[in-house]
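Peer 1: Dumping the structure here so I can ask a few things about it.
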Amino acid sequence: MIRGMPNHTTLRTLASARPTSRLALGIAALALTLPLAACDTGVDPRNPSSPSPAESSETASPSEDASDLDPTGKWSSPEKGDPFLEFAEDGSLKGSDGCNAIVTTWKVKGDEIAIDSFMSTQKACAGVDTWLSKASTATIEGDVMKVMDSNGKVIGGLEKDDK
């Protein structure tokens, strides 16, 4: 290098590296921003009771509401005997009232789940409340399923299993 003359090779290397570093910074910024965007609930944090934009702009018909009611999976209770109901996508239902087996079918009707009548064994299990054997309908609120008898009376509740 001649003293006093700029080194053009060094300048060209820096100039060509600049777009690559900008691209890398852009990708890094996008990678950090996307997970935060996925967390947006659409609800104004200053007024959490306000409807989200999707809720306020759409009016759902009862049939659309029914499609949102999805009980598939296992719902259980920590009571003695470990009562549970397991709803399959094909409409079949199996479970236990904590003592006796339950096998039947289910379907969504409006805003509740209709559990078809079923026959089960009638074993006597000391200390077990077999309330679940009277299940006729159910509703879901979050991770809790309220189970009702044929008179519409709430007879118990089950919690959604995470499995």
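Peer 1: Only one of (1) open to solvent by less than 60 Å² (accessible area, probe 1.4 Å); (2) touching a Gly at 6+ places or on another chain (Cβ under 9 Å); (3) part of a loop (DSSP other than H, G, I, E, B); (4) of a type outside the set (Phe, Trp, Tyr) fails for SER120. Which number is that?
Peer 2: (2)
Peer 1: If you don't mind, another one. For residues that are within 15 Å of MET148 (Cα to Cα), touching a helix residue (DSSP H, G or I) at 6+ places or on another chain (Cβ under 9 Å) and open to solvent by less than 50 Å² (accessible area, probe 1.4 Å), scanning just region 90-109, find the one that is modelled with the highest pLDDT.
Peer 2: VAL108
Peer 1: How many of the residues making up region 143-163 are part of a loop (DSSP other than H, G, I, E, B), in contact (Cβ under 8 Å) with a residue 12 or more places away in the chain and within 21 Å of the chain's Cα centre (by Cα)?
Peer 2: Number of matching residues: 3.
Peer 1: Report whether or not LEU69 is aliphatic (A, V, I, L, M), open to solvent by less than 40 Å² (accessible area, probe 1.4 Å), within 19 Å of the chain's Cα centre (by Cα) and modelled with pLDDT under 90.
Peer 2: yes
The values are calculated or read from the model by the stated rules, or taken from the named source; none is laboratory data. Because the structure is a prediction, the values reported are computed rather than measured. Note that each Cβ is placed from the backbone with ideal geometry, even for glycine, and that neighbours are counted across all protein chains shown. Note: accessible area is taken over every heavy atom of the protein model, side chains too, but ligands, DNA and RNA are not part of it. Shrake-Rupley method; radii C 1.70, N 1.55, O 1.52, S 1.80 Å.
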